[in-house]
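The values are calculated or read from the model by the stated rules, or taken from the named source; none is laboratory data. This structure is a prediction, so every number in the text was calculated from the model and none was measured. Positions of Cβ are generated from backbone atoms using ideal geometry, with glycine treated the same way; all protein chains shown enter the neighbour counts.
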Ligand code: ADP
Ligand code: ASP
Ligand code: MG
């Protein structure tokens, strides 16, 4: 079984949706097709939800009306026959009636999450009917029947697998199953989601749950590039990455993959292939257990980082000090990305400031605290980088004109992490492109 995911831009125009239908039809064997919402829809739903929470009803209604118009046009171009256009019309009316119903009630966080889920529900329904119009045998596989997260927002892979097994058995004769990315149920059985960009994660979770042959992630670029193409002009696709390398790149900001995508696939050794819907012949990127060693492969950057420095003379020769510091972050469920220590001080970075003040209050009891917000982690990735001679020299020579706040090397053999002010990020990525990739 293949798991094949198409992102927002791949389904964002009627001709693209038709194109992916042909692509899927050309793939051998059985497949689960995971779709995102049409590009721009989740952003629009976020804006509508925020307006409703702020009780700005005119703004919400206006945005809803524009979105509805967009969908009405979409179905006219997607379906050829009048009868299918009428089906499309019915689908669009039904979803927008639901939006208005949600908006009219008490609009709380729960209704907001329900609203956000509609993008994937409508895209899969439209796509399914397109396949019907083409007389292709397919079935909708509702993600809300099997995809779930626990009270810590972690996907329940075992349960997902247990639920999917019997469902897939009953659908054994169907070659194409269409399901929603991004959406799930939480531990209260409410509609929830896997966070922005979560359709990649859905594909990987399903791939791992059913031990698929392969997970294909189709997007608008020919695979993982060596640098962020939104910031750096000359970038090139990477043919092969190890799971570890791809995982670090996704986690540290390569937007092409949701940060957690690789984790489930890696657990069950299911290869992940990144492909371009606009250029299907391009080889893309294969992510698996295999990969060359001792080379720079790519860099990525993650913004919104806060660095916290704790200076304490009591730390000198004191065992158990770091444990106490880490316990503070643990209590506030705040994960740490980078750490760097000296004899009397420790610097730590976090990407979630929700509990920053409470964390700082507790840390103050240990010593003097310094805080730097608006930092970015630049992550330089390569399998067994430490086997390459002079890696740090090349990196630091490239970044000679950038003030560096923190460095982390040796934590994993695949990554060098460097903390800079976010204002320096674009320059740093461009300098590394010239200095270590010679592009
Ligand atoms: P989708 O809607 O298909 O999920 P995304 O917009 O989430 O697509 O991800 C694809 C985009 O990721 C690309 O268009 C590109 O701008 C961006 N991107 C950022 N870093 C990288 C990278 N290292 N390699 C490839 N694409 C990247
Ligand atoms: N539609 C969701 C988003 O825009 C999920 C995804 O596209 O992966 O974040
Ligand atoms: Mg995405």
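Whether any residue in segment 304-319 is under 18 Å from the mean Cα position of the chain (by Cα) and over 20 Å from residue 207 (Cα atoms) is what I want to check. Steps first, please.
To start, the set of residues in segment 304-319 that are under 18 Å from the mean Cα position of the chain (by Cα) comprises 304-305.
Pick out the ones that are also over 20 Å from residue 207 (Cα atoms) and you get 304-305.
So far as segment 304-319 goes, yes, one or more of its residues are under 18 Å from the mean Cα position of the chain (by Cα) and over 20 Å from residue 207 (Cα atoms).
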Could you check, for segment 378-385, whether at least one of its residues is away from ligand 1 (no atom under 16 Å from the Cβ), closer than 27 Å to residue 426 by Cα, modelled with pLDDT of 95 or more and part of a helix (DSSP H, G or I)? no
Considering each of 236, 211 in turn, give the residue that is away from ligand 3 (no atom under 13 Å from the Cβ), surrounded by fewer than 20 Cβ atoms within 10 Å (Cβ to Cβ) and free of Cβ contacts under 8 Å to residues at least 60 places away in the same chain. 211
Which of the residues belonging to segment 1-37 are part of a strand (DSSP E or B) and more than 15 Å from ligand 3 (Cβ to nearest atom)? 2, 3, 31, 32, 33
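State all residues of segment 423-439 that are under 18 Å from residue 351 (Cα atoms) and surrounded by 17 or more Cβ atoms within 10 Å (Cβ to Cβ); if no residue qualifies, say none. Reasoning before the result, please.
Step one: list which residues in segment 423-439 are under 18 Å from residue 351 (Cα atoms), which gives 423-425.
Correct list: 424, 425.
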Selection within segment 214-233 - surrounded by fewer than 22 Cβ atoms within 10 Å (Cβ to Cβ) and more than 7 Å from ligand 1 (Cβ to nearest atom): 214, 222, 231, 232, 233
Filtering segment 207-221 down to residues that are in contact with a strand residue (DSSP E or B) (Cβ under 6 Å, 6 or more places away or on another chain) and part of a strand (DSSP E or B) yields 214, 215, 216, 217, 218
State which residue pairs qualify: first residue without any contact (Cβ under 8 Å) to a residue 12 or more places away in the chain and inside segment 184-197, second residue assigned to a strand (DSSP E or B) and within 16 Å of ligand 3 (Cβ to nearest atom) in any location, beta carbons under 6 Å apart, and separation of 6 or more residues or different chains. none
So residue 392 fits all but one of (1) part of a helix (DSSP H, G or I); (2) under 25 Å from the mean Cα position of the chain (by Cα); what number is the exception? (2)
Could you list, in sequence order, the residues of segment 240-270 that are assigned to a loop (DSSP other than H, G, I, E, B), over 17 Å from residue 222 (Cβ atoms) and out of contact with any helix residue (DSSP H, G or I) (no Cβ under 6 Å at 6 or more places or on another chain)? 252, 253, 269
Please report, ordered by residue number, the strands (runs of 3 or more DSSP E) entirely within segment 106-197 with at least 3 residues that are closer than 30 Å to residue 81 by Cα, within 16 Å of ligand 1 (Cβ to nearest atom) and at pLDDT 95 or above. none
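Among the residues of segment 222-233, which ones are within 16 Å of ligand 3 (Cβ to nearest atom) and touching a strand residue (DSSP E or B) at 6+ places or on another chain (Cβ under 6 Å)?
The initial filter retains those residues of segment 222-233 that are within 16 Å of ligand 3 (Cβ to nearest atom), namely 222-225, 228-230.
Listed by number, the residues that qualify are 222, 223, 224, 225.
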